[in-house]
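Data block below; observations after.
The values are calculated or read from the model by the stated rules, or taken from the named source; none is laboratory data. Keep in mind that this is a model prediction, so the values were computed, not measured. No Cβ is skipped: glycine too gets one built from the backbone with ideal geometry, and neighbour counts run over all protein chains shown.
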Amino acid sequence: MTNVFDILKERGYIEQATHEEEIRELLNDEKVTFYIGFDPTADSLHVGHFIQVMVMMHMQKAGHRPIALIGGGTGMVGDPSGRTDMRKMLTVAQIEHNVSSFKNQFSRFVDFSENRALIINNSDWLLNLNYIDFLRNIGAHFSVNRMLTAECFKNRLEKGLSFLEFNYMLMQSYDFLELYKRYNCKLQLGGNDQWSNIISGADLVRRIENGNAYGLTFKLLTTSEGKKMGKTESGAIWLDPEKTPPYDFYQYWRNVDDPDVENCLALLTFLPMEEVKRLGSLKDAEINKAKEILAYEVTKLVHGQEEADKAQSAAKTLFNNSGDISTSIPSSKLNESDFIKGIDILTLLSKTKLTSSKGEGRRLIQQGGIYLNDKRIDEFSQIINLDDFEDRKLMLRKGKKIYHQIEII
């Protein structure tokens with residue numbers, strides 16, 4: 001059986017390793033318990049998290065045991081990694097709600113039966129810590145000079161780094177120590193922006209427990225130009241179908257740039273690498289076939305085959321301008337009374353969440369990017385009323401491929 005380390009490396013996940021050969025041998029010789037941390041800063045995982053979820057699935061398929069560590073404790077502080085400003089502070093109630101949402105989503109991807117994987121909340125140990133004891137027993141092992149050289153802190157020093165955030169590295173390192181002691185967890189995985197925190201955690205385990213602890217980071221999901229993927233003008237691409245409908249999710253992957261297709265296929269699907277390379281090598285119009293396969297495979301993983309089939313069917317129907325799409329694309333049901341006097345187009349775009357603000361709506365109309373029943377909207381003040389509906393339905397379109405149907409009830 002192929003070592004999962006080699007699988008992850010071939011598919012392009014791995015970026016940094018604390019001890020590459022030792023980790024490879026460990027994954028070859030043992031059934032390893034490993035963990036990935038997720039701070040509950042929202043009530044849904046997003047596309048950026050899905051790289052980490054894919055790694056968990058690869059590792060579990062190879063016989064290793066994942067721990068999804070949800071940061072009910074660290075979420076109260078906020079990770080400064082990759083941030084230019086301090087994260088918004090969440091209430092305890094918000095964090096508890098988000099933790100519950102994360103647990104439900106993980107169960108769609110990872111098998112938690114018979115102790116094959118664990119979901120753990122670090123509030124179990126962080127919220128009851130005695131501050132003086134923590135400083136004496138844990139803080140004594142951290143050098144402030146060394147911490148200040150970490151990328152997660154260096155980027156913030158000019159604009160200001162709060163003492164609250166400065167504690168984050170200690171808390172995440174302590175997580176690794178607790179998981180090592182409680183579950184014999186020897187490996188921490190995370191995005192490459194977590195490298196400083198991961199090596200600090202592995203070092204703490206070695207210092208206090210004299211144990212073998214390791215860290216791996218994997219690439220963030222970026223375009224060929226190095227920009228983070230997973231965001232649109234309307235916001236993040238979420239795994240929750242209520243926040244990002246399956247059709248919108250499908251269309252996001254259908255519309256990725258040509259140079260990004262092979263990387264996305266390797267990181268976000270389980271297609272064999274020979275097929276990934278074949279699809280990634282297609283040129284010109286042929287690359288669209290690869291994009292359709294990418295969109296279908298990722299949507300199937302996240303939302304299930306039925307939703308993937310519906311999204312694929314809707315996309316083909318819209319492209320061919322035929323068929324019944326009412327159950328397949330994002331839609332809204334609005335009261336007939338709303339349209340008796342009429343609604344201006346900017347309000348309607350915001351109401352249907354096709355735009356995140358009226359300012360975005362104005363810009364798109366100015367650029368000729370908003371259509372009503374395939375007729376371009378030219379005026380910000382255009383009023384939509386009952387006369388615009390056919391069989392109590394109308395279709396809004398943003399750009400070439402983003403549709404939203406409105407039905408009056």
| message | Of everything in region 368-404, what is charged (D, E, K, R), within 36 Å of the chain's Cα centre (by Cα) and farther than 16 Å from Asp338 by Cβ? Give them in sequence order. | response | Asp374, Lys375, Arg376, Asp378, Arg397, Lys398, Lys400, Lys401
| message | Show the residue pairs meeting these rules: Cβ distance below 6 Å; 6+ apart or different chains; first residue within region 369-394 and under 11 Å from Asp344 (Cα atoms); second residue part of a loop (DSSP other than H, G, I, E, B). | response | Ile383/Gly342; Asn385/Gly342
| request: Select from region 14-28 the residues that are outside any helix (DSSP H, G or I) and in contact with a helix residue (DSSP H, G or I) (Cβ under 6 Å, 6 or more places away or on another chain) and list them in ascending order. | output: Ile14, Glu15, Gln16, Ala17, Thr18
| request: Restricting attention to helices (runs of 4 or more DSSP H) lying wholly within region 157-226, give those where 1 or more residues are of a type in the set (D, E, K, R), on the phi > 0 side of the Ramachandran plot and at pLDDT 90 or above. | output: none
| request: State whether one or more residues within region 104-119 are in contact (Cβ under 8 Å) with a residue 24 or more places away in the chain, buried (at least 19 other Cβ atoms within 10 Å of the Cβ) and more than 19 Å from the chain's Cα centre (by Cα). | output: yes
| What residue, of Phe50, Phe38, Phe34, is farther than 21 Å from Asp175 by Cα, in contact with a helix residue (DSSP H, G or I) (Cβ under 8 Å, 6 or more places away or on another chain) and not assigned by TED's automatic domain parsing to the domain that holds Gly235? | Phe50
| Asn385 being among the polar types (S, T, N, Q), surrounded by 12 or more Cβ atoms within 10 Å (Cβ to Cβ) and modelled with pLDDT under 80 | no
| request: Scan region 316-339 for residues that are at pLDDT 80 or above and surrounded by fewer than 14 Cβ atoms within 10 Å (Cβ to Cβ) and jot them down. | output: Lys333, Asn335, Glu336, Ser337
| message | Testing Ile119 on (1) farther than 19 Å from Met54 by Cα; (2) modelled with pLDDT of 90 or more, one condition comes back false. Which one is that? | response | (1)
